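Encoded as C-alpha cells, the structure appears first; notes follow it.
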Amino acid sequence: MITNDLQKRLYWHKNPEAIEKNFTSKYNCFYLIYFEHFDDIETTIIREKQIKGWTSQKKENLIKEFNPDWKFLNEEIE
C-alpha cells in the first residue's frame with residue numbers, strides 16, 4: 001500500500017479501531033515486515049502494481065531478502 005507518511009500509517013495499523021472499515025481491521029495486519037521508499041509517485045505505483053502481480057512465493061522471497069528474520073519493523077520506524 002502506498003503512503004506518504006509511514007509513521008502515520010503505522011499508527012493506524014496499531015489502532016485500527018480509530019477508523020471504521022479498513023484493510024488493517026479486516027485482515028488483522030498490524031506489523032510492518034517490509035517496505036520500499038521511492039521519491040516519485042509514478043515509480044511507486046508501478047512498483048506496487050508489479051508486486052501485486054507476483055505469486056505469494058515471490059513476495060515471500062522479496063521479504064526474506066529484505067528482512068531475513070521477519071522482524072517486526074514498527075518500532076524502528078516510529
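Label points 7 Å out from Cα along the Cβ direction at E42 and E60: separation in nm?
Going from the E42 label point to the E60 one covers 3.6 nm.
Students often forget the sequence filter, so: which lysines lie under 20 Å Cα-Cα from K59 once same-chain residues fewer than 8 apart are removed?
Candidates past the 8-residue exclusion: K49, K71.
Read-outs throughout are calculated quantities, based only on the coordinates presented, and are distinct from any laboratory measurement. In this text, all values refer to a predicted model and were calculated from it rather than measured experimentally. All Cβ positions, even for glycine, are placed from backbone atoms using ideal geometry, and neighbour counts span all protein chains on display.
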